[in-house]
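K.L.:
To start, I am sharing the structure in question, which I have written as structure tokens.
The values are calculated or read from the model by the stated rules, or taken from the named source; none is laboratory data. Quick caveat: nothing in here was measured; it's all calculated off a predicted structure. Virtual Cβ from ideal backbone geometry, glycine too; neighbours counted across all protein chains shown.
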Amino acid sequence: MSRLFSAEQLREIAEPPADKALRALEARDIKTLNALMCEMATGQTGVESLSLHVLARFCGELRLDLGEDGARSLLDRVAERLMESFAADWREGRDELAIRDLIAVFKHQSGGNMVPVDETDDEVVFDLSPCGSGGRFLVDGTVDRDTERYGRWDDGIPSVCQACKACQRAVDRAVGAPTWSTELSTRVPGRCTLRFRKHASRGKRLFPGGAIYEVTRTRLALARQKLDRHDYGVASLLKDQHLDWMPWHDFVISLLAHLFGACHAERGIAYLNAKLETAYNPTFRLFYPVFKRLSDEEHLRYLCVAHHYHMMSFQLSEEPDRFVFRLNPCGSGGRLFRGEMWRNLFHYDGRATAPLVEEAVPITFGRREFPVYCTHCAAHNRDQFVHDVLYFVNDGHAQMRPGDACLQFTYKKGRHVGDVDPAIRAQVGMA
């Protein structure tokens with residue numbers, strides 16, 4: 001098969017939308033700038049939707065497998081690790097930093113709307129109306145359509161929101177006092193009220209005047225507000241905009257990594273494998289029909305945008321039958337392996353929720369001492385080979401050590417599983 005793109009065309013396809021937006025701003029090409037900002041506003045949605053559905057399904061299946069008490073206990077162990085840095089900030093008098101960073105987690109959720117409600121001497125209060133994680137499943141009816149995995153537990157809280165509740169309990173326990181709480185509305189679907197308690201800053205105004213509004217706005221939202229006023233001084237807001245949502249991205253990815261580790265610690269590699277098959281692969285599989293409809297160029301452009309918003313640094317090249325992404329690093333598994341997550345939310349330190357898996361099995365690409373989060377890449381390789389859909393395939397022997405690049409291949413239209421290097425298929429036991 002001949003090459004489809006020149007080197008210059010590949011560079012243009014792989015360029016971050018934010019870089020294109022900066023050129024449009026400099027040229028005062030407002031029509032192009034507005035179109036690019038619309039693309040930038042949705043750049044994260046693929047990664048985010050996949051992560052949220054996987055989280056909800058894992059929580060729901062843990063409830064079925066372990067019972068509610070057992071599932072809550074496991075989520076508490078996960079949350080204790082995830083929330084260590086936030087709890088430390090409150091204990092050591094950095095209330096404002098902890099609150100700002102938790103606001104950053106929530107304000108970047110797609111489809112969510114965060115608004116300030118009040119600030120008193122004792123607390124800061126915000127409404128998510130709706131919440132962009134658990135709230136979105138209430139608004140779209142998913143909670144009621146799939147009650148086993150997404151539905152409400154005995155306390156009335158849906159599955160994905162149970163992870164949030166566990167994080168609140170973890171902070172309160174570590175701080176030694178009520179610190180963070182949420183309350184789902186019983187009348188407005190998806191609305192949730194967040195309360196952050198002040199400790200060292202009690203009596204101090206953290207967000208005076210309009211600052212309480214500004215702290216809830218993303219950089220893209222602030223840029224749009226300025227452009228609406230014909231204020232074109234937005235270059236600093238647009239530069240590397242795809243990195244702006246890192247707090248929410250890294251929070252949910254690290255949560256999943258700890259959750260995978262906890263499943264492994266609870267019941268072993270076979271159990272983690274089973275959960276990836278029932279809770280992860282069906283969600284990843286939702287992308288297959290979209291992939292089949294897209295042309296090579298459309299698919300490549302989509303993946304490049306998704307990779308930028310997945311916090312990846314990558315080089316793109318073309319081979320006769322496929323395109324190669326050299327991920328250095330991959331924005332999830334690679335950065336987790338290197339210990340580069342925001343706020344140090346995850347480190348492979350050998351503790352129960354962050355193991356290197358000893359077993360050499362198909363979901364570890366046949367390797368030992370394998371990073372637990374990367375098992376999902378082996379799982380979706382296997383699923384693609386079973387369904388003969390080559391959405392993107394990872395080489396599980398490329399990133400052998402922290403600091404190594406990962407390799408990912410997306411095959412051109414008309415290629416089938418038989419065209420995949422037998423060595424890649426053998427890594428997941430499907431040569």
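K.L.:
Just checking, which of Leu316, Leu259, Leu255, Leu237 is of a type outside the set (Gly, Ala, Ser) and in contact with a strand residue (DSSP E or B) (Cβ under 9 Å, 6 or more places away or on another chain)?
P.N.:
Answer to the selection: Leu316.
K.L.:
Then there is this: Being in the same structural domain as Ala98 (by TED's automatic domain parsing) and more than 22 Å from Phe86 (Cα to Cα) narrows it down to one residue among Val139, Val125, Val171, Val175; which is it?
P.N.:
Answer to the check: Val139.
K.L.:
So, one more: I'm checking my understanding of the structure. Among residues of the range 311-321 that are part of a loop (DSSP other than H, G, I, E, B) and touching a Leu at 6+ places or on another chain (Cβ under 9 Å), which one is surrounded by the most Cβ atoms within 10 Å (Cβ to Cβ)?
P.N.:
My answer is Met311.
K.L.:
May I ask you to say which residue of Arg217, Arg285 is touching a residue at least 40 places away in the same chain (Cβ under 8 Å), touching a strand residue (DSSP E or B) at 6+ places or on another chain (Cβ under 9 Å) and surrounded by fewer than 17 Cβ atoms within 10 Å (Cβ to Cβ)?
P.N.:
Going through Arg217, Arg285 in turn, just one is touching a residue at least 40 places away in the same chain (Cβ under 8 Å), touching a strand residue (DSSP E or B) at 6+ places or on another chain (Cβ under 9 Å) and surrounded by fewer than 17 Cβ atoms within 10 Å (Cβ to Cβ): Arg217.
K.L.:
Only one of (1) out of contact with any Ser or Thr (no Cβ under 9 Å at 6 or more places or on another chain); (2) in contact (Cβ under 8 Å) with a residue 12 or more places away in the chain fails for Asp101. Which number is that?
P.N.:
Going through (1) out of contact with any Ser or Thr (no Cβ under 9 Å at 6 or more places or on another chain); (2) in contact (Cβ under 8 Å) with a residue 12 or more places away in the chain one by one, Asp101 breaks only (1).
K.L.:
Something else: So which residues in the range 147-161 are of a type outside the set (Gly, Ala, Ser), in contact (Cβ under 8 Å) with a residue 60 or more places away in the chain and surrounded by 13 or more Cβ atoms within 10 Å (Cβ to Cβ), if there are any at all?
P.N.:
Answer for the range 147-161, where residues must be of a type outside the set (Gly, Ala, Ser), in contact (Cβ under 8 Å) with a residue 60 or more places away in the chain and surrounded by 13 or more Cβ atoms within 10 Å (Cβ to Cβ): Arg149, Tyr150, Trp153, Pro158, Val160.
Residue-wise test of (1) without any contact (Cβ under 8 Å) to a residue 24 or more places away in the chain; (2) under 26 Å from Arg94 (Cα atoms); (3) not aromatic (Phe, Trp, Tyr).
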| position | (1), (2), (3) |
| --- | --- |
| Leu128 | no, yes, yes |
| Ser133 | no, no, yes |
| Asp140 | yes, no, yes |
| Pro178 | yes, yes, yes |
| Glu183 | yes, yes, yes |
| Leu194 | no, yes, yes |
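K.L.:
Which condition number does Trp90 fail, the rest of (1) aromatic (Phe, Trp, Tyr); (2) farther than 25 Å from Tyr309 by Cβ; (3) under 19 Å from the mean Cα position of the chain (by Cα) being met?
P.N.:
The one condition Trp90 does not meet is (3).
K.L.:
Mind listing whichever residues of the range 360-369 are closer than 20 Å to His258 by Cβ and either modelled with pLDDT under 95 or surrounded by fewer than 24 Cβ atoms within 10 Å (Cβ to Cβ) (or both)?
P.N.:
Glu369
K.L.:
Separate question: Mind checking which residues of the range 292-310 are part of a loop (DSSP other than H, G, I, E, B) and over 16 Å from the mean Cα position of the chain (by Cα)?
P.N.:
Once the filter is applied, which keeps residues that are part of a loop (DSSP other than H, G, I, E, B) and over 16 Å from the mean Cα position of the chain (by Cα), the range 292-310 yields Leu294, Ser295.
K.L.:
Ok, one more. Search the range 46-59 for residues that are closer than 13 Å to Pro158 by Cβ and assigned by TED's automatic domain parsing to the domain that holds Leu286 and pair each with any residue that is part of a helix (DSSP H, G or I) and among the charged types (D, E, K, R) when their beta-carbon atoms are under 8 Å apart and the residues are at least 6 apart or on different chains.
P.N.:
Taking only residues 6 or more apart or on different chains, not a single pair turns up.
K.L.:
Continuing with the same structure: Sort out which residues of the range 328-344 are out of contact with any Asp or Glu (no Cβ under 6 Å at 6 or more places or on another chain) and of a type outside the set (Lys, Arg), and write them in order of number.
P.N.:
Hits for the range 328-344 are Asn328, Pro329, Cys330, Gly331, Ser332, Gly333, Gly334, Leu336, Phe337, Gly339, Glu340, Asn344.
K.L.:
Report, ordered by the first and then the second residue, all pairs with beta carbons closer than 8 Å, sequence separation of six or more or different chains, a first member in the range 65-85 that is over 21 Å from Ala174 (Cβ atoms), and a second member that is surrounded by fewer than 22 Cβ atoms within 10 Å (Cβ to Cβ) and small (Gly, Ala, Ser).
P.N.:
From the range 65-85, the pairs are Leu66/Ser73.
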